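Q: For reference, the structure I am asking about is given below.
The values are calculated or read from the model by the stated rules, or taken from the named source; none is laboratory data. Every value quoted in this text rests on a predicted model; they were computed, and no experiment measured them. Heads up, the Cβs are rebuilt from the backbone with ideal geometry, glycines too, and the neighbour counts pull from every protein chain shown.
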Amino acid sequence: MALRNIVKEGDEILSKRAKPVSDINKRIEELLDDMIETMRANDGVGLAAPQVGVLKRIFVVEVDEKIYELINPEILETDGIQTGDEGCLSVPGYIGTVERPAFLKMKGLDRNGKEIEIEGSGLLAVALSHEYDHLEGVLFVSKALELQEIEATEE
């Protein structure tokens with residue numbers, strides 16, 4: 001596993017629609033492992049492949065100590081609206097108030113090529129929706145009802 005550089009706002013890859021994965025191979029498995037390591041090292045909740053410079057329809061999310069890996073995800077159902085503050089590893093120094101589905105159901109493939117379905121509410125629905133947007137070339141700042149700069153914390 002290896003840490004990958006996170007692409008920042010302004011890089012054109014973040015505004016492009018990611019391409020479907022046609023073959024799940026060792027490189028895709030390594031990418032998933034690297035994305036999880038990179039997400040955790042940067043205290044993220046999710047990370048999409050375009051955020052590490054790979055224009056593929058892949059993302060990872062970790063909520064309540066459970067990791068979700070999705071390849072070629074599709075949204076099957078949404079319900080309700082929740083509004084909350086979000087940040088993004090590709091847009092450091094900002095948080096924004098965003099409306100997301102209160103419930104979301106999604107399907108995709110796991111790292112073994114098996115079809116899986118995930119459904120969630122609360123933070124899981126927000127994270128799935130946020131990462132899915134990355135695959136569509138959409139950053140949260142374009143959906144934010146309000147955006148504010150936050151101070152970087154020294155470690």
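For (1) polar (S, T, N, Q); (2) assigned to a strand (DSSP E or B); (3) modelled with pLDDT under 95, each residue gets a yes or a no:
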residue	(1), (2), (3)
74	no, yes, no
77	no, yes, no
84	no, yes, no
89	no, no, no
97	yes, yes, no
108	no, yes, no
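Q: Taking the condition of being aliphatic (A, V, I, L, M), surrounded by 15 or more Cβ atoms within 10 Å (Cβ to Cβ) and either free of Cβ contacts under 8 Å to residues at least 24 places away in the same chain or farther than 24 Å from residue 51 by Cα (or both), how many residues in segment 75-106 meet it?
A: At the first step, the residues of segment 75-106 found to be aliphatic (A, V, I, L, M) are 75-76, 81, 89, 91, 95, 98, 102, 104, 106.
Now restrict to residues that are surrounded by 15 or more Cβ atoms within 10 Å (Cβ to Cβ): 89, 91, 95, 98, 102, 104, 106.
If we keep only those that are either free of Cβ contacts under 8 Å to residues at least 24 places away in the same chain or farther than 24 Å from residue 51 by Cα (or both) as well, we get 102.
Result for segment 75-106: 1.
Q: What number goes with the only condition from (1) closer than 20 Å to residue 144 by Cβ; (2) small (Gly, Ala, Ser); (3) touching a strand residue (DSSP E or B) at 6+ places or on another chain (Cβ under 9 Å) that residue 10 does not pass?
A: Answer for residue 10: the failing condition is (3).
Q: Restricting attention to segment 120-137, report how many residues are surrounded by 15 or more Cβ atoms within 10 Å (Cβ to Cβ) and free of Cβ contacts under 8 Å to residues at least 60 places away in the same chain.
A: Here the count works out to 5.
Q: To continue, here is another question. Criterion first (closer than 17 Å to residue 136 by Cα, touching a Gly at 6+ places or on another chain (Cβ under 7 Å) and surrounded by 14 or more Cβ atoms within 10 Å (Cβ to Cβ)) does residue 50 satisfy it?
A: no
Q: Still on this model: Step by step: first the residues of segment 4-33, then only those that are part of a helix (DSSP H, G or I) and touching a Gly at 6+ places or on another chain (Cβ under 9 Å), then the one that is surrounded by the fewest Cβ atoms within 10 Å (Cβ to Cβ). Which residue is that?
A: That would be 15.
Q: Follow-up question, since we're still on this one. Going by what's in this entry, would residue 121 be described as of a type in the set (S, T, N, Q) and within 15 Å of the chain's Cα centre (by Cα)?
A: Details: of a type in the set (S, T, N, Q): yes; within 15 Å of the chain's Cα centre (by Cα): no.
Here the answer is no, as residue 121 does not meet what is asked.
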